[in-house]
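Scroll down for the structure; my scribbles are underneath it.
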Amino acid sequence: MDQYIGKYLDDRYEILEKIGEGGMAVVYKAKCHRLNRLVAVKILRPNMMLDDDIRRRFHTESQAVAMLSSPNIVSVYDVGQFEGADYIVMELIEGITLKEYMQRRGGVLDWREALHFSTQIMLALRHAHGRGIVHRDIKPQNIMVLRDGSFKVADFGIARIMDSQKTLTTEAFGSVHYVSPEQAKGLSVDARSDIYSAGVVLYEMLTGQLPFDGDTPVSIALQHINSTPKPPRELNPRVPKGMEQICKQCMCARLELRYPDAKAVLRDLEEFRRNSEIVFPYADPWDPATKGTDCSPNSDRPQPTVPVNSTAVYQTDQEAGDEGEPEFESTGELEAYEAQQRKKARIIYTSAIVAIVGIIIAICFMLYQNFLEDILDTGDVYEVPSLSGMTVDEAKELIATELGGHFEVVISSNQYDETVEAGCIISQTPSHGSTTKSDLTTISVVVSSGVLEDDSVYMPNLIREDYRTAETKLENDYGVAVSYGDRVYSDIIDEGLIVSTDPVSGSVLEEGQTVILYVSKGPETRAVSMPNLVGMDRDEAEEALESIGLTLGDCVTVAGSRTTGEIIYQSVKYGSEADPGTVVHVQISDGSLSSGDDADSDTDSTESSGSTSDSSATQTSATPVYEILVPLHTSDESAGTTPTVSVTINGEVVLNMTYAEDATQASTVYSGEISDIIVLIDGVQTNVFTCEDISE
């Protein structure tokens, strides 16, 4: 048994199981009892602990990486020692490596997936490089793919710990396929080395092959220095020209012509995302004929060439000057942006708690209505009398004289009975002993026709019987065949029960005759037109829905540009037909995306000027609101699954949810101009979605 399993590190981290190991450390799944969460603990191997320089670097680099805070980087929580063993505590990731993901996908990824994944890798590198941390070992084995399709880069700073060894041994065989030329030469490295390695990862995603391979790490490293790989489009003609240009520029062996930083790569990825037929203006850095030519992707280069017939994946009313991924000129601006993102996350978390509390309240209300209301209600209760054996006239007289007239008797049918005298009641509905609060309750009775005087077989009364039971009775007891007429709507007979028969009850049946049964479809639903709830508050929406027989469902507060408390999205589209009882879910603006003053200041200024609220309404409606609809189960392979849908708009995840097997579509809304949308279903990007402006 492993020496660490079952132990507590610093009386805090309980080691549960081993989940991985590498050349320098072993990784365990553990539980942090102080914060009650699962974590990953990486413990240095014993042979590494003998090197004081490695141990020092291990602590220094781990503490530096712990300062990183990006959704695309595996977080480091703690660094410590236990019984002479050095360890770091990290975020526990439930997912697979990019290497495993590519293997499951057959090696080659669609260029749209490669674009999405490369963007997330560059976002992680931009964040780390901005804080002076270079990864030095970017490869698919160090990149985790989560269930929602997002990426997290692991092991930042760890490769630097191994720099003191500076040998290309078998341990380095996996990493040498992605090593930059300057690393292979043993020179100092900077952010551009990570750009090169990320370019190799992109190359592998697009082609399913590594750019260089060999029998030894040294032979592969020499190819990075001296050779040029086959162009991606030569191996996979489906790769767009612009994507190949980005890959080549990342993998440029000439350091001065390579992308200078991740920000520059993101800029080109964004331009390519906007138009996949784009052709960038710089020369091919892999072509020997361009030696001495300016191939660098300078920030002040001319605009790229865009073919006239190019089309976008989606359409919005965005202006030509809109930016996609936000760019920052300083670390302070970046930190301010990330603080805003964390604020949005807290808003979503708070909204989720409010929604859960609302659901609990709704359940309690339903329990009260269905079970407790009758118990707690102190109104008059009437017990249904027993009418069996009486004539109809006797029953009516009993009700009128002794029961205060709270019941009425209606004959539902007549049938022959050997035990009950003709004209007397055989059975009744509701039954004797049940209770009612209604001031007038109808009792349906079956009246006896007496004893049959011949050997004829008569059609029984099957009204309100289950059609399956009736079919069995007719075939086995009466020897007749059964067929069915068209199902009919009924306001008084439940679905699946018999409404009428042909022949009718009491008719003589002949041997071999066919009896037709007509079965109820239940009450006919009359669809209503869905009103426009956008702009209403919660109470107004609830009143509007209840007036036409619909129900207000979940009310989730989200970031929006409308006034705080106003609805910006409804789950049933305005103007569509909805069945009575349909539950309509809404999203309510928190006002955080409004470009004007807050609601209070708007109100004060309106009151002080004595003007109407038209101007503020106009200002609010100036920000467009888009509804994104993603159809689910569009293929036979997806039927019977529970898909996870992720929608990212302008770099922000606005939807990440798993849907039931019978769900037909996923939907969300976004307030503000849209520059790009990424939609993933179970981690695979799709272009099958609609983006519609639903602003008033």
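Numbers at a glance
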| read-out | value |
| --- | --- |
| Solvent exposure, largest accessible area first (probe 1.4 Å, DNA, RNA and ligands not counted), of Arg526, Arg273, Arg254 | Arg526, Arg254, Arg273 |
| Built amide H within the under 5 Å cut-off of Ala25, gap 5+ | Arg45 |
| Note, ³J(HN,Hα) from phi for region 651-664, Karplus 6.51, -1.76, 1.60, rounded to Hz, x at Gly and Pro | x, 10, 6, 9, 8, 8, 8, 9, 10, 6, 4, 8, 5, 9 |
| Solvent exposure of region 181-290 as accessible area per residue, Å², 1.4 Å probe | 38 |
| Cα→Cβ-extended label distance, 7 Å offset, between Asp682 and Lys241, nm | 3.6 |
| Accessible-area order (highest first, 1.4 angstrom probe) of the listed residues Glu91, Glu542 | Glu542, Glu91 |
| Residue among Ser427, Tyr484, Leu474 farthest towards the positive dipole end of region 376-496, charges placed on Cβ | Tyr484 |
| Ranking by accessible area, most exposed first, for Leu266, Leu222 with a 1.4 Å probe | Leu222, Leu266 |
| Potential lengthening between Arg468 and His59 on full extension [0.36 nm per residue; Cα-Cα distance subtracted] | 139.8 nm |
| Restricting region 395-426 to GluC sites (Glu not before Pro) in coil, as DSSP defines it, with at most 16 other Cβ within 10 Å | Glu418, Glu421 |
| Where chymotrypsin sites (Phe, Trp or Tyr not before Pro) fall in DSSP loop in region 463-538, at most 14 other Cβ within 10 Å | Tyr489 |
| For Cys364, solvent-accessible area (1.4 Å; no DNA, RNA or ligand), Å² | 80 |
| Listed residue (Ile225, Ser197, Val265) projecting farthest to the positive dipole end of region 196-288, Cβ model | Val265 |
| Whole-angstrom gap from region 516-586 to region 639-661, using each part's C-alpha centre | 23 |
| Using a Förster distance of 60 Å, the FRET efficiency for Val583-Gln3 (Cβ separation, nearest 0.05) | 0.60 |
| Calculated FRET efficiency for the pair Arg346/Asp494, C-beta based, R₀ 56 Å, to 0.05 | 0.70 |
| Amide H contacts of Val572 (H built 1.01 Å from N, under 5 Å, at least 5 apart or other chain) | His585 |
| Nonlocal amide H pairs with Ser507, under 5 Å, H built at 1.01 Å | Met459 |
| Pairs beyond 21 Å (Cα-Cα), from Lys42/Lys139; Lys7/Lys29; Lys7/Lys42; Lys152/Lys263; Lys7/Lys31 | none |
| Length added when fully stretched, Asp539-Glu652, from 0.36 nm per residue minus Cα-Cα | 37.6 nm |
| Potential extension, Thr564-Ser483 segment - 0.36 nm per residue separation minus Cα distance | 23.1 nm |
| Accessible carbon and sulfur surface of region 400-531 relative to its total accessible area, %, 1.4 Å | 46 |
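The values are calculated or read from the model by the stated rules, or taken from the named source; none is laboratory data. What you see is a predicted model; the values in this text were computed from it and never measured. We place every Cβ from the backbone using ideal geometry, glycine too, and count neighbours over all the protein chains shown. For the accessible areas, the whole protein counts, side chains as well, though only heavy atoms, and no ligand, DNA or RNA atoms are used. Shrake-Rupley method; radii C 1.70, N 1.55, O 1.52, S 1.80 Å.
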